[in-house]
Amino acid sequence: GDPSSITIFGESAGGMSVHAHMLSPKSRGLFRRAIAMSGVINAYDFTHSAEESMVRGDAVAGVVGCLADQKTLATHPDEVIGCLRTRSADELLWAASRAVPGKFFPFLPTYEDDFLPEKPSVALRAGSFDPKVDFLTGVTSDEGVTLFLWNQTNPQILAGPLDNVDRETLINAGNKVVSLWTKGASPSLVEIGVTESTGKDSIRRKFVDYLGTKLFVCPMHLAAVAHASRGGKVFTYVFDHWPAKRAPLSWAGVGHGMDIPYIFGLPLLDRDQINFNEQDVAMSEKLITLISSFAGLPVFRGVTSWPEYDVSSPLSMLLKNDNATNINGFLSEHCATSSTHS
């Protein structure tokens, strides 16, 4: 291949890794294009400062007996780390769940080191990245849905009608999932957008939107704006294609990770069309082409012109039913007044 024309891409944690390489001085000049799908590293709830990581590390060390004589990672790093290395992986996983209870990820990528010297949101605002890297990034149409699917023990919460779910149960379930996926104190109902007059269907929608925009959509917009404002080429998309043979949730869109089967061509392997149909095959082929051929301009069959994302015109392409149409400022109204996305 051509070393001057390397493209890196990833989805979810992989997308965050791609974006981290874009911000890292250690990776500067090693690639020409980057694709971050459903994940960028400037999401507030997906990184820790060095101090935050060390506090959690000390908590784990304490659970497995590695903080003898008041020694900590700050005061005696070699000794504490040496002790931790004598513990098995299973012990450390168990200790992490005990030391940091109630969180989906006990530990997160850390900044304030050689790889990421600055907080990612600070690096974006300061322009600490190479704007000559062409950037393609996007989200699914309803990222937060999957987080509820993964962590919901009450199937009635996910059903269409909420007739058999009382308001308190619904709010408690929503708060639990939000707490699992965010760091720090849980947000108030007012922050989520729930008031005493909010109906049950709207309560569910508010919780899903809160997570989807806070963790994925708003960080994507902030990353795209930062790159575009420095003169970089940015292209964004919203994936809104549901498998034709799978009944959609009546109240939800396409959740986090639901684009993965199309990225890896699973519809093309379903020769008997048990789970997918021809429209799914067409979408998968187009998405694979979009990723594999990204060379300055995205290629999506049937689309003659993919607009650049601009600060004053934040256009994305809505990918749905193997078609693509322009959409302006996708869910950006959720980002305008919030400071917790950075």
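All of the numbers you see were taken from the coordinates with simple rules; none came from a lab. None of these values were measured; they are calculated from a predicted model. Glycine also receives a Cβ, built like all others from the backbone with ideal geometry; neighbour counts cover every protein chain displayed.
Worth a mention:
- Segment 231-274: trypsin sites (Lys or Arg not before Pro) falling in loop per DSSP and having at most 16 other Cβ within 10 Å: LYS245, ARG246, ARG271
- A straight Cα-to-Cα reach below 24 Å connects LYS176 with the lysines LYS103, LYS200, LYS206, LYS214, residues fewer than 8 places away in its own chain not being considered.
- Loop-located trypsin sites (Lys or Arg not before Pro) in segment 1-67, at most 16 other Cβ atoms within 10 Å (DSSP): ARG28
- Taking a Cβ cut-off of under 15 Å around GLU112, the surrounding Lys, Arg, Asp and Glu residues balance to a net charge of -2, with basic ones at +1 and acidic ones at -1.
- Gain in span if fully extended, SER197 to ALA126, counting 0.36 nm per residue against the direct Cα distance: 21.3 nm
- Take the Cβ atoms of THR325 and ASP78, set R0 to 45 Å, and the FRET efficiency comes out at 0.20.
- The value of relative contact order for the chain, using C-alpha pairs under 8 Å at least six residues apart, is 19 percent.
- Residue among ALA50, GLY29, SER179 farthest towards the positive dipole end of the chain, charges placed on Cβ: GLY29
- Charge dipole of segment 48-107 (Cα centre as origin; +1 on each Lys and Arg Cβ, -1 on each Asp and Glu Cβ, all else neutral): 180 debye, rounded to the nearest 20.
- Distance between segment 263-342 and segment 197-256 - C-alpha centres, whole angstrom: 13 Å
- Computed over segment 186-342, relative contact order equals 27 percent, with contacts defined as Cα pairs under 8 Å that lie 6+ residues apart.
- Of all beta bridges that DSSP places with both ends in the chain, some 20 percent have antiparallel geometry.
- Here the contact order of segment 48-107, divided by its residue count and restricted to Cα pairs under 8 Å and six or more residues apart, works out to 42 percent.
- Protection proxy ranking, highest mean first, for peptides 186-197, 101-112, 276-287: 276-287, 101-112, 186-197, where packing is the per-residue count of other beta-carbon atoms within 10 Å, averaged.
- Rounded to 5, percent antiparallel among DSSP beta bridges of segment 139-342: 50 percent
- For VAL194, residues with placed amide H under 5 Å, excluding near neighbours: none
- A straight chain from ASP113 to GLN70 at 0.36 nm per residue would run longer than the Cα-Cα distance by 13.0 nm.
- Selected from GLY265, GLY212, GLY82 as most flexible by GNM, with the chain as the system and alpha-carbon contacts under 10 Å: GLY82
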